[in-house]
1. Out of the stretch 67-89, which residues are among the small types (Gly, Ala, Ser), open to solvent by 50 Å² or more (accessible area, probe 1.4 Å) and at pLDDT 80 or above?
2. I need the helices (runs of 4 or more DSSP H) fully contained in the stretch 234-282, keeping only those with at least 3 residues that are out of contact with any Asp or Glu (no Cβ under 6 Å at 6 or more places or on another chain) and more than 22 Å from residue 54 (Cα to Cα).
3. For residue 186, are the conditions met, namely being within 23 Å of residue 64 (Cα to Cα), open to solvent by less than 10 Å² (accessible area, probe 1.4 Å), in a helix (DSSP H, G or I) and in contact (Cβ under 8 Å) with a residue 60 or more places away in the chain?
4. If we keep just the residues of the stretch 14-26 that are open to solvent by less than 30 Å² (accessible area, probe 1.4 Å) and in a helix (DSSP H, G or I), which is farthest from residue 97 (Cα to Cα)?
5. When you scan the stretch 160-179, do you find a residue that is of a type in the set (Val, Ile, Thr), closer than 21 Å to residue 279 by Cα, surrounded by fewer than 22 Cβ atoms within 10 Å (Cβ to Cβ) and over 16 Å from the mean Cα position of the chain (by Cα), even just one?
6. What's the number of the condition residue 140 fails, among (1) assigned to a loop (DSSP other than H, G, I, E, B); (2) open to solvent by 10 Å² or more (accessible area, probe 1.4 Å); (3) in contact (Cβ under 8 Å) with a residue 24 or more places away in the chain?
7. Which ones in the stretch 202-222 are in contact with a Lys or Arg (Cβ under 7 Å, 6 or more places away or on another chain) and in a loop (DSSP other than H, G, I, E, B)?
Amino acid sequence: MTIFDFRVRPPYKGFMDTILYQPESAPVKLFTDRIGLDYPESARQKSMDMMFQEMDDAGIVKGLLVGRESGVYGSVSNTDLAELVNAHPDRFVAAASIDTTDRRACIAQINKALGDGLIAVNFEPGNATVPLYTDDRRLYPIYAYCEDKEIPVLIQAGGLAGPDCTYTAPHLIEHVCTDFPTLKVVAVHGGWPWVNEIIHVAWRRPNLYLSPDVYLCGQSGMDEYVRAANGTLSDRFLFATTYPLAGFAQYQRFIDELPLDASAKERFFYQNAEEVLGIKVA
């Protein structure tokens, strides 16, 4: 089956300066030691060729490069993303990273990224140099601009997205979805650990998509995600490995063993991504 990976951070330029490429760091070891994910050999070797082979072995035909503008985990320039997309258009599309501290500069940054071929915008408000809540009114002009321009947005809304768990509270992203009802919003990390609550928000707000990624791997709430993906929210879940936190093959095998019915898997693996990003994968 065709698979599109909604969150990929390859061993390329700025990505390698982020904490993701420090396998002994505490944030990475939370996933390798506690959840039992295997840190990919391609990431250890920092080899793009090995990574492409690992993608092929897992049946992943294309991925979304997700940039980063974080005072906590490091930053990746949109120039690096554009270079990779231009070099491998059959393999990647990309979501720009943005600095939300200056609204006008941020809009200019988005426009340049779009002109360079990027197709979405990634927000990490809780991990910004000055942490912000997702519904902070200083972000609203940027959300409004993305809605007007029909630019899908990814918002880090789960997991380690901020100084404490209040930054992942599901009502924050619901405020954004409610105030910008035609803006396509992806909750990166699937709103975990607020699983039932974020499922309720997605049920109420048809512009919210959930990407539980590594927080689906044996974590509490996994069964609720699967039940929703099989039922009323089959059109709202997205496959994402968060490579290099999870290897492509290991994550794909884990997902393939979940009790998802065939039609739900097809939507989860690529059709929902096509809808969110306005692209054709298969």
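1. 75, 77, 87 - these are the residues of the stretch 67-89 that are among the small types (Gly, Ala, Ser), open to solvent by 50 Å² or more (accessible area, probe 1.4 Å) and at pLDDT 80 or above.
2. So the answer is 262-266, 272-277.
3. no
4. Here the residue is 21.
5. No: zero hits.
6. Going through (1) assigned to a loop (DSSP other than H, G, I, E, B); (2) open to solvent by 10 Å² or more (accessible area, probe 1.4 Å); (3) in contact (Cβ under 8 Å) with a residue 24 or more places away in the chain one by one, residue 140 breaks only (1).
7. 207
The values are calculated or read from the model by the stated rules, or taken from the named source; none is laboratory data. Note that the structure is a prediction, hence the values are computed from the model and not measured. Cβ coordinates were reconstructed from backbone atoms using ideal geometry, including for glycine residues, and neighbour counts include every protein chain displayed. Areas reflect the complete protein model, heavy atoms only, side chains present, ligands, DNA and RNA absent. Shrake-Rupley method; radii C 1.70, N 1.55, O 1.52, S 1.80 Å.
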